[in-house]
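Since every read-out is calculated from the coordinates, none of them should be taken as a lab result. Bear in mind the structure is a predicted one, so any value in this text is a computation, not a measurement. Glycine also receives a Cβ, built like all others from the backbone with ideal geometry; neighbour counts cover every protein chain displayed.
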Amino acid sequence: MATKKKNTSALNEKEGVSQPETLNMEAVKQLQTQKKRAQSVGELIAGILNKNQTALSQAITIIESTAQKHQLQAKEIIEKCLPHANRSIRIGITGVPGVGKSTFIESFGKLLISEGKKVAVLTVDPSSSISKGSILGDKTRMEELVKEKNAYIRPSASGDTLGGVARKTRETIILCEAAGFDVILIETVGVGQSETAVHSMTDFFLLLKLAGAGDELQGIKRGIMEMADSIVINKADGDNLKAAKMAKNEFNRALHLYPAKESGWAPKTLLCSALKNEGIAEIWEVVSNYFETVKGNGYFQYKRKEQNKFWLMQTIESRLKSEFYANPSVKVELEKQLKALDENRTTPFAAAEKILSFKN
């Protein structure tokens with residue numbers, strides 16, 4: 001009797017791939033039962049104030065959009081949410097790539113949630129200058145925190161904004177506060193001037209460092225040390241613990257070289273191992289002491305007012321720049337000057353002067 005020949009064709013249908021066990025099925029069901037139609041601005045605002053994370057995500061997407069229709073909707077959403085904002089504490093977290101920001105934020109966020117806090121994490125992924133794309137992989141790196149009911153993680157592409165801070169991060173903070181989040185954690189991409197921008201929209205600025213990576217002296221030289229309210233040396237475990245303790249002493253000595261902070265706060269240097277969840281509680285204790293200090297001496301309220309002034313000027317500059325380049329007459333003159341520049345008939349400075357003084 002002839003045996004049946006086994007089908008080894010590549011076109012043969014294979015058994016489907018099973019879902020991974022780590023998939024949050026509750027979140028999947030929630031997504032599947034959502035209405036397919038787009039919600040109105042009024043529904044989104046009501047959803048945000050009702051602490052609905054789906055409405056919050058949809059509203060943030062509208063805010064990040066550059067479409068004219070969405071910009072008008074975003075303006076209304078922000079105006080209606082603003083009276084319900086400014087009730088959280090905002091913590092900026094920065095550090096070089098590889099320092100363990102995502103692991104630290106996950107451990108830190110889980111601690112805050114265990115103490116009854118609602119935590120929103122706003123992360124900014126660098127956009128490629130070539131493809132303009134971003135990986136937006138922070139949710140996959142925080143696979144435990146993303147499952148927490150009282151946590152919200154929103155990755156955004158940096159685009160071409162200053163230092164990698166998403167263009168609408170400031171407005172996103174307002175929406176997260178209106179949705180009832182007590183603590184807003186803002187992670188920078190750890191390069192360029194993103195630290196300056198994040199410092200201008202947060203109440204506490206935490207600098208993550210590494211020991212034994214030649215990072216100590218570089219950290220002391222950089223101006224970012226002056227902005228830090230606390231320095232945390234991560235990965236202080238195992239064979240790296242001794243080097244971490246030495247780095248802590250170096251940073252403590254360096255901090256004494258800087259003038260006293262206007263806030264009246266003396267920056268602290270701490271050790272932690274985010275991977276092993278060690279030293280995280282001590283960091284939250286320092287952060288809590290900071291807020292007790294600055295709220296007591298009035299600096300907290302003063303800094304919030306200064307931040308609003310800063311973002312007013314930034315918004316004006318951004319709007320003027322957009323409107324200038326959108327002007328049809330300016331576009332024509334810009335093309336003329338670019339051509340003249342290519343043909344060596346003008347200089348960049350003369351061309352800029354011509355465009356800036358150009359009248360309709």
Completion exercise
FRET efficiency for Val330 and Lys75 from the Cβ-Cβ distance with R0 = 30 Å, rounded to 0.05, comes out at 0.75
Completion exercise
Subtracting the Cα-Cα distance of Trp311 and Glu292 from 0.36 nm times their residue separation yields 4.3 nm
Handout entry: Under 12 Å, Cβ to Cβ, from Ser88 - net charge with Lys/Arg +1 and Asp/Glu -1
Key = +2
Practice task
Work through the residues other than Lys261 whose Cβ is under 9 Å from its Cβ and net out their charges, Lys, Arg +1 and Asp, Glu -1.
Solution key: -3
Practice task
First measure r as the distance between the Cβ atoms of Asn50 and Arg345, then evaluate 1/(1 + (r/R0)^6) with R0 = 45 Å and state the FRET efficiency to the nearest 0.05.
Solution key: 0.15
Exercise for the section: Please state, as a whole number in µm²/s, the translational diffusion coefficient that the Stokes-Einstein equation yields for segment 220-360 at 4 °C and 1.567 mPa s, with Rh defined as the Kirkwood radius across alpha carbon pairs. Expected result: 65
Fill in the blank from the handout: Here the gain from full extension of Lys276 to Tyr302, 0.36 nm per residue of separation minus their alpha-carbon distance, amounts to 5.6 nm
Handout entry: Nitroxide proxy distance, nm - points 7 Å out along Cα→Cβ at Glu115 and Ala352
Key = 4.8
Fill in the blank from the handout: Looks like segment 46-96, by Cα gyration tensor root eigenvalues a ≥ b ≥ c and the a/c under 1.5 rounded cutoff (else prolate when a/b is bigger than b/c, oblate otherwise), is oblate
